[in-house]
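Let me begin by handing over the structure; questions about it come next.
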């Protein structure tokens, strides 16, 4: 989780009490609650294909959703099963 937010230039915050991840980049605020299929982008509810989750003490977030919310372009290279994220 931290790696994708920071690689895209966002500050990240974790609220353990509410199990909420918040990424902030400029005027963009992305919030994900562990186990919820609803995220917030600048206060607006958006449905997720898969919720953020914790596996082996690591928080996993939907990469495409995070990247696109933060202005990146996301492609899938099926032959190598690789996600390609491009941003400025």
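The values are calculated or read from the model by the stated rules, or taken from the named source; none is laboratory data. Quantities reported herein were computed from a predicted structural model and do not represent experimental measurements. Here Cβ is always computed from backbone atoms with ideal geometry, including for glycine, and neighbour counts include all displayed protein chains.
Which of the residues belonging to the range 21-36 are surrounded by 14 or more Cβ atoms within 10 Å (Cβ to Cβ) and either under 14 Å from residue 62 (Cα atoms) or modelled with pLDDT under 95 (or both)?
Within the range 21-36, 21, 22, 23, 30, 31, 32, 33, 34, 36 qualify.
Among the residues of the range 4-43, write down those that are part of a loop (DSSP other than H, G, I, E, B), over 12 Å from the mean Cα position of the chain (by Cα) and more than 21 Å from residue 83 (Cβ to Cβ).
16, 17, 18, 19, 26, 27, 35, 36, 42, 43
Inspect the range 58-71 for any residue being surrounded by fewer than 11 Cβ atoms within 10 Å (Cβ to Cβ) and at pLDDT 95 or above and give the result as yes or no.
Within the range 58-71 (the criterion being surrounded by fewer than 11 Cβ atoms within 10 Å (Cβ to Cβ) and at pLDDT 95 or above), the answer is no, since none of the residues qualifies.
Working only within the range 44-81, note down all residues that are assigned to a loop (DSSP other than H, G, I, E, B) and either under 18 Å from residue 5 (Cα atoms) or within 10 Å of the chain's Cα centre (by Cα) (or both). Don't jump to the end; show me each part of the working.
Of all residues in the range 44-81, those assigned to a loop (DSSP other than H, G, I, E, B) come to 48-52, 56-57, 61-62, 70-72, 78-81.
Result: 48, 50, 51, 52, 57, 61, 62, 70, 71, 72.
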